[in-house]
Amino acid sequence: MADVDSTLEPLKESERTLLERLLQLYFYDFSEFDPDDVDATGLFAVTGLDRYGRAAGHDAFLLRVGGKPAGFVLVDERSPLPDGGNRHYIREFHVLRAYRRKGLGMRMAWAIFDRYPGGWQIEQIGPNSEAQAFWRRAIDRYTGGRYTERVIQGRRFPLVIQEFDTSDRAI
């Protein structure tokens, strides 16, 4: 992976506005697949994410490159999927376009897997084939190919879900 000066740190309350701005960029990128649109003020509605970085079990991390914001990841310590059990779950994951294809997303995913050993469920919507390819690569390399994948019907789209366990990689 690229030798880039990057950090992944828990979100501080003073960085909340920064996360909200990054979420707007994420939803803009995601609008290619999702029919949600901006409101009359030109913003995407961001609901249900204010607990990340504030409430137990809902963690937020900021990726920085050379000190500049470059992405984020929101983690649920317990998967919200009906069969989630005690598995971890990535709610949202985003690397700004300027920083993609440099190994940063892979590095960020692996750092999160290291931080939360145990079972995982990672989900992508069916139309987002690039995200599916990224997660298959990241998980395959991290686990040595030990993961399963299935497709279920979501509310709007088919959902691709990878499941794996990182307990044997605990530091």
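The values are calculated or read from the model by the stated rules, or taken from the named source; none is laboratory data. The structure displayed is predicted, hence computed values, not measured ones. Heads up, the Cβs are rebuilt from the backbone with ideal geometry, glycines too, and the neighbour counts pull from every protein chain shown.
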> Which of the residues spanning the range 93-132 are in a strand (DSSP E or B), surrounded by fewer than 18 Cβ atoms within 10 Å (Cβ to Cβ) and among the charged types (D, E, K, R)?
Replying inline: none
> Applying the selection to the range 1-20, what residues are assigned to a helix (DSSP H, G or I), touching a residue at least 24 places away in the same chain (Cβ under 8 Å) and out of contact with any strand residue (DSSP E or B) (no Cβ under 7 Å at 6 or more places or on another chain)?
Replying inline: 13, 16, 20
> Can you tell me which of 71, 57 is loosely packed, with under 15 Cβ neighbours inside 10 Å and either under 26 Å from residue 158 (Cβ atoms) or out of contact with any Phe, Trp or Tyr (no Cβ under 9 Å at 6 or more places or on another chain) (or both)?
Replying inline: 57
>> Suppose the filter is in a strand (DSSP E or B), among the hydrophobic types (A, V, I, L, M, F, W, C) and within 14 Å of the chain's Cα centre (by Cα); does residue 72 pass it?
In response: yes
> Do we find a residue being over 17 Å from residue 19 (Cβ atoms), within 15 Å of the chain's Cα centre (by Cα) and touching a residue at least 12 places away in the same chain (Cβ under 8 Å) anywhere in the range 48-56?
Replying inline: no
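Out of 71, 42, report the one residue that is modelled with pLDDT under 95 and of a type outside the set (Phe, Trp, Tyr).
That would be 42, the only listed residue that is modelled with pLDDT under 95 and of a type outside the set (Phe, Trp, Tyr).
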> If you check residue 161 against the conditions, is it free of Cβ contacts under 8 Å to residues at least 60 places away in the same chain, surrounded by 14 or more Cβ atoms within 10 Å (Cβ to Cβ) and of a type in the set (Val, Ile, Thr)?
Replying inline: no
